[in-house]
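Enquirer: Okay, here's the structure, questions in a sec.
Please treat every number below as a calculation from the coordinates, not as lab data. What you are looking at is a predicted structure, and each value in this text was computed from that prediction instead of being measured. Methodologically, a virtual Cβ is constructed for each residue, glycine included, from the backbone with ideal geometry; neighbour enumeration extends over all protein chains shown.
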Amino acid sequence: MFFSYDTPDHRNLLDQTRQGVIGRPLDRPDGPLKVAGVATYSAEYQRPECAEGVLVCATIAQGRVTCIDTDAALAMPGVLGVFSDKAMLRRPAQGGADKAPVQDVACVEYFGQPVALVVATTFEQATHAAKVLRVEYEPGGEVPHDPEAATSEPAQDPEVLGDLDAAMASAAHSVDLAITTEGHASAALEPHVSIAEWRDDALTIWGSYQMVGHNVKELADALRIAPDRVRIRSAYVGGGFGSKLGISHDALAAAIAARALGRPVRVVLTRQQVFDTIMRRSETRQRLRLAADTGGRLIGLGHEAWVSNLPDENFAEPVTQATAFLYGGDNRHLAVNVARISRLTAGSVRAPGEAVGMQVLEAGMDELAEKIGLDPIVLRKRNLPATLPGKGIPYSSRMLSEALDTGARRFGWDKRKPRPRMQRDGEWWIGMGVASAARVNMMQPAAALVRLEADGMVRVETDQTDIGTGSYAILGQIAGEMLGTPIERIDVALGDSALPMGAGSGGSFGATSTGSAVFRACEAIRDELAHRLGVPTDALELKDGIASGGGKSAPITQLLKGETLERTGRIKPGKTEQDYSQASYGAFFCEVAVNAFTGETRIRRMLGVFGFGRVLNEKTARSQCLGGMVWGIGAALTEELAFDLRDGRLVNHDLAEYHVPVHADIPDLDVVLLDERDAPASPLQAKGVGELGICGAAGAVANAIYNACGVRPRSFPITLDKLL
Ligand code: MOS
């Protein structure tokens, strides 16, 4: 039975335990295995007789496949089969829905869509055959490729309060801005891969996935078999960024081909196929209206966004997600509209919503502060609502003011020049900018098994994945802290759908959700140990393998009497989710140099201060924040999916042409983690941190650029041409 989290747990059990591992900056146990090449990634599994599959992708934008010359392909050396099945995936699944969008791949919806899989004995043979495979098309279709040329519809009902137009008209100070952001890639370092193997009508897949429990259901649904006939193994995942939340083409194509051929089939996407077929973050066009009174208090807040996706896709980038809870203002209008276009699927990519919504909102707040003549930090602090606007419910915890103040002191904000073009270093204009960080906190249903073995070893088992984020480390730390077990006596098994279903890695919810399930399992074990020791649970203390309390003491192994003690913890969101507005917060400070002659921007320093409840591992949390800030710098300065408007084809479909920041673009970044407890957020009193570091970061960069050179760019990324 799942434990519904209805009442905030204020007991601070993790602050009373004495093992001393929770929160510590412990190394990831998987780290050395990865750098030594010992960790086996999915594509590296050697299955006997494994054949190699290569996807063939459409070379038209819209229409139908009329003929595939399979005879010619099958006559080529080593070719075992050509699959172009009605049951294959035309689009990747969005993740979490337990259903995959199985469609007839003969119907082409976007340029680059997979239409067939060629399988051969070797990868080279399959690649060659895929290259020369003759596919005939009948082009046709009216869906535009340019969002500006498409009609938009509301993604959901707008959130309207009061009268924003009247507030704008009567405001002492206001801004009304139109700012655009370009699409972002989800391309993780490890490409998408699946090795499919059938035995007695049961399918095993070794693959790269974020949420294996859901991915099993998607695959089973697509293959029309029972979920208990599918097992996914995903022990190590080389990044997800949202692109592996749902299954993609490789999974179903490999499964179909392996079943037909009666031998394992491996499908690994090429880098270009990852870019062309998996998942993009939508470009956005945003209108931001801020209306303030003479004292700098917001009386109106409007945030409208236009995004895009394929026809019939449910997902629309939730651009205004943080705007709904971050700042006050009685007159509000928040809306997201989606245009139907023919380009690859838009989906969840690296903090969907906040990443691009916050960078525009925070750029607007900077502009408003300047109009009012207020310090931008003061403006933000002045507009933090006491309760959630329109709903009146409290915030679970919010350390935004503290983050702004702490950051200002540490960064030397008092040295910022009040106006642009006041600080010059050779040919560079120097400027500073600030922005708030915010990302919603979500808990997801999760289960985990904890086993206390007769010899005192602890084993944690859940299908939770580790996408490079630290799941192996933190789940072990929670168990170690709760059971008084040194970290080297803990073993964590993850990423296997045969284990209890964790939350998966997504939406910054993995650690708190699955961690809470581990916590609950350990509580149950503590209850039993207290009973065996003959003390009330409250009096039980566990440290270094010794149970004590109430004047009694015994080695834990003695209480186990040669047996293994195991409990499963299960948690799901409950009333605390409705009763509180829950989000993680922070602040970004950035110093840039803008070249007065070339317009080139260099980040000089950047600081992020974050409050996200209890820190489970200082090192992995900090690393998440650093990664997020690097994303933010990418969104601010370089990242941009370029589409050919004639056919919706992605032009820069690799990491040579799609520019993410490299080491030379990133100076020493500084991260401060605030000490916070958030009881309504989870029994761990922890909130999500995974994506927090990107949410607003690009706004701080843009504001620093303005403070340096006096240009307010109206489109991201802020490439040098926009500053001249
Ligand atoms: Mo995240 S974009 O939910 O993997």
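Enquirer: Rounded to the nearest 5, what % of the DSSP beta bridges within the chain are antiparallel ones? Kindly include the intermediate steps, with their values, before the conclusion.
Expert: On the way: 100 of 134 bridges.
If I count the DSSP bridges inside the chain, around 75 percent turn out antiparallel.
Enquirer: Within 10 Å of each residue's Cβ, count the other Cβ atoms and sort CYS625, CYS57, CYS50 from fewest upward. Mind showing how you got there, number by number?
Expert: Working: CYS625 28, CYS57 21, CYS50 17.
Neighbour counts put them in this order, fewest first: CYS50, CYS57, CYS625.
Enquirer: Between region 48-91 and region 565-610, what is the C-alpha centre distance in whole Å?
Expert: Region 48-91 and region 565-610 have Cα centres spaced 43 Å from each other.
Enquirer: On a 25 Å Cα-Cα criterion, which of the cross-link pairs LYS86/LYS572; LYS217/LYS244; LYS244/LYS687 come out too long?
Expert: Values: LYS86/LYS572 37 Å; LYS217/LYS244 14 Å; LYS244/LYS687 22 Å.
Over 25 Å apart, Cα to Cα: LYS86/LYS572.
Enquirer: By counting other Cβ atoms within 10 Å of each Cβ, how are LYS99, LYS217, LYS244 ranked from fewest to most? Walk me through the numbers before you get to the answer.
Expert: Values: LYS99 15, LYS217 22, LYS244 34.
By the 10 Å Cβ count, ascending, the order reads LYS99, LYS217, LYS244.
Enquirer: Going through region 622-724, which trypsin sites (Lys or Arg not before Pro) have at most 10 other Cβ atoms within 10 Å and a DSSP loop state? If you can, show how the numbers build up before the last one.
Expert: On the way: sites: ARG622, ARG646, ARG649, ARG677, LYS687, ARG714, LYS722; in loops: ARG646, ARG677, LYS687, ARG714.
Qualifying residues, ordered by number: ARG646.
Enquirer: With the Cα gyration tensor of the chain giving a ≥ b ≥ c as the square roots of its eigenvalues, does the rule (a/c under 1.5 for rounded; else a/b larger than b/c for prolate; else oblate) give rounded, prolate or oblate?
Expert: Details: a/c = 1.82, a/b = 1.04, b/c = 1.75.
It comes out oblate by the Cα gyration axes.
Enquirer: Also, quick follow-up: Could you tell me the center-to-center distance, by alpha carbons, between region 357-407 and region 415-469 in angstrom?
Expert: For region 357-407 versus region 415-469, the Cα centre distance is 20 Å.
Enquirer: Let me make sure I get this right: for region 77-158, a, b and c are the square roots of the gyration tensor eigenvalues over alpha carbons, sorted descending. Under 1.5 in a/c it's rounded, otherwise prolate if a/b > b/c, else oblate. Which is it?
Expert: Details: a/c = 3.04, a/b = 1.85, b/c = 1.65.
Prolate shape, in that a/c is at least 1.5 and a/b is the bigger ratio.
Enquirer: In terms of modelled amide H atoms, which long-range or inter-chain residues lie less than 5 Å from the amide H of TYR137?
Expert: THR66
Enquirer: Most exposed first by the Cβ proxy, i.e. fewest other Cβ within 10 Å, how do SER4, SER194, SER623 rank? Intermediate values should be presented prior to the final figure.
Expert: On the way: SER4 15, SER194 31, SER623 19.
Least to most surrounded, the residues fall as SER4, SER623, SER194.
Enquirer: A further question on this structure: Using the Cβ atoms and a cut-off under 14 Å, what net charge is assigned to the surroundings of LEU164, where Lys and Arg are +1 and Asp and Glu are -1?
Expert: Working: positive: ARG287, ARG289, ARG332; negative: GLU159, ASP163, ASP165, ASP176, GLU304, ASP330.
Net charge around LEU164: -3.
Enquirer: Sort 274-285, 558-569, 348-359 by packing, meaning the average of other beta carbons within 10 Å per residue, with the highest value first. Show your work: numbers first, answer last.
Expert: Values: 274-285: 26.0, 558-569: 15.4, 348-359: 28.1.
Descending mean neighbour count gives 348-359, 274-285, 558-569.
Enquirer: Also, quick follow-up: How large is ³J(HN,Hα) for each residue in region 373-380, as worked out from phi by the Karplus curve 6.51 cos²θ - 1.76 cosθ + 1.60 (θ = phi - 60°), to whole Hz, x for Gly and Pro?
Expert: Ordered by residue, 3J(HN,Hα) equals x, 10, 4, x, 5, 4, 4, 5 Hz.
Enquirer: Mind checking which aspartates and glutamates have their C-alpha under 13 Å from LYS417, skipping anything on the same chain fewer than 8 residues away?
Expert: GLU370, ASP375, GLU591
Enquirer: Would you grab the residues whose amide H sits under 5 Å from the one on ALA346? Only those 5+ places off in sequence or on another chain, please, with H modelled 1.01 Å from N.
Expert: For ALA346, whose amide H was placed from the backbone, the distant partners under 5 Å are ARG280, LEU310.
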